[in-house]
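The values are calculated or read from the model by the stated rules, or taken from the named source; none is laboratory data. Just so we're clear, the structure is a prediction, and the values are computed from it rather than from any experiment. Using ideal geometry, Cβ is built from the backbone for each residue, glycine included, and neighbour counts are taken over all protein chains shown.
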Amino acid sequence: MTIHSFFRFGLLLSVIGSFVACSSSVMPDKAVPVTDFEVDHYLGTWYEIARFDFRFEKDLDNTSAQYRLDKEGNVEVLNSGYNYVKKEWTKADGKAKFRGSKQTAALKVSFFGPFYSGYNVIALDEDYKYALVAGKNLDYLWILSREKSLPEDIKTKYLEIAKEVGYDTSRLLWVKQDKDDNPYLK
């Protein structure tokens with residue numbers, strides 16, 4: 001094997017390894033997705049109450065997510081928020097697929113072609129008004145609500161669940177929800 005061939009082989013292995021790592025759909029060890037999940041009740045608009053900040057949501061407040069089913073039964077995702085630095089609304093379109101049974105809230109979501117990441121609803125009230133969502137590891141966490149606020153008892157409960165899973169809840173960014181002019185909300 002020539003040095004050039006060896007380099008190309010190494011590069012190929014790196015690309016494959018990166019693809020597998022980026023497309024994995026795992027969740028934190030202690031996280032358990034909701035069972036008896038009814039996707040039809042989960043569809044619609046959710047407001048982001050709190051999150052662990054990361055680069056794709058940097059400088060965003062008034063963030064929300066809208067979910068609807070496509071013809072194949074996959075979940076279409078429209079995330080939007082207000083970039084308070086650029087002073088403009090932004091959006092990201094994606095799709096989510098169930099990793100197994102549609103009665104288990106363990107999905108994988110993609111906003112970038114073939115690259116998927118974990119989306120796991122680990123707490124959900126019986127009326128589908130409040131949700132705690134774990135990402136692929138302890139760096140991704142969201143608290144969602146159908147309204148722009150969250151009752152204190154739900155907040156306390158979800159923070160306790162997150163801590164039990166292993167999340168450092170002091171890292172949560174509490175999202176400002178003070179605008180009513182989001183052009184992407186339908």
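Of everything in region 81-122, what is β-branched (V, I, T) and in a strand (DSSP E or B)? Give them in sequence order. Write out each step before concluding.
Looking only at region 81-122, we keep the residues that are β-branched (V, I, T), and these are 85, 90, 104, 109, 121-122.
Selection gives T90, T104, V109, V121, I122.
Just checking, how many residues over region 66-106 are touching a residue at least 24 places away in the same chain (Cβ under 8 Å), more than 28 Å from D125 (Cβ to Cβ) and surrounded by fewer than 17 Cβ atoms within 10 Å (Cβ to Cβ)?
Final tally of qualifying residues: 5.
Out of everything in region 34-54 that is under 13 Å from the mean Cα position of the chain (by Cα) and of a type in the set (F, W, Y), what residue ends up being surrounded by the fewest Cβ atoms within 10 Å (Cβ to Cβ)?
Out of the qualifying residues, it is F54.
Kindly evaluate L144 against the criterion of being in a loop (DSSP other than H, G, I, E, B), surrounded by 12 or more Cβ atoms within 10 Å (Cβ to Cβ) and modelled with pLDDT of 95 or more. Spell out how you get there, then give the answer.
Values: in a loop (DSSP other than H, G, I, E, B): no; surrounded by 12 or more Cβ atoms within 10 Å (Cβ to Cβ): yes; modelled with pLDDT of 95 or more: yes.
Criteria not met by L144.
Among the numbered criteria (1) of a type outside the set (K, R); (2) surrounded by 18 or more Cβ atoms within 10 Å (Cβ to Cβ); (3) modelled with pLDDT of 95 or more; (4) closer than 26 Å to E164 by Cβ, which single criterion is violated by V109?
Only one criterion in (1) of a type outside the set (K, R); (2) surrounded by 18 or more Cβ atoms within 10 Å (Cβ to Cβ); (3) modelled with pLDDT of 95 or more; (4) closer than 26 Å to E164 by Cβ is unmet by V109, namely (3).
Please go through region 162-178 and pick out each residue that is under 17 Å from the mean Cα position of the chain (by Cα) and not in a loop (DSSP other than H, G, I, E, B).
A162, V165, T169, R171, L172, L173, W174
If a residue has to be closer than 19 Å to L144 by Cα and either modelled with pLDDT under 95 or among the basic types (K, R) (or both) to count, how many in region 29-54 make the cut?
Residues in region 29-54 being closer than 19 Å to L144 by Cα and either modelled with pLDDT under 95 or among the basic types (K, R) (or both): 3 in total.
Output the residues belonging to region 55-65 that are crowded, with 19+ Cβ neighbours inside 10 Å and at pLDDT below 95. First the steps, then the outcome.
Here is the first cut: in region 55-65, the ones crowded, with 19+ Cβ neighbours inside 10 Å are 57, 60, 62-65.
Within region 55-65, E57 is the sole residue that qualifies.
Would you mind finding the one in L159, L132 that is within 16 Å of the chain's Cα centre (by Cα), among the aliphatic types (A, V, I, L, M) and either in a strand (DSSP E or B) or farther than 14 Å from A65 by Cα (or both)? Show your work before the answer.
Details: L159 fails: within 16 Å of the chain's Cα centre (by Cα).
Unique residue meeting the criteria: L132.
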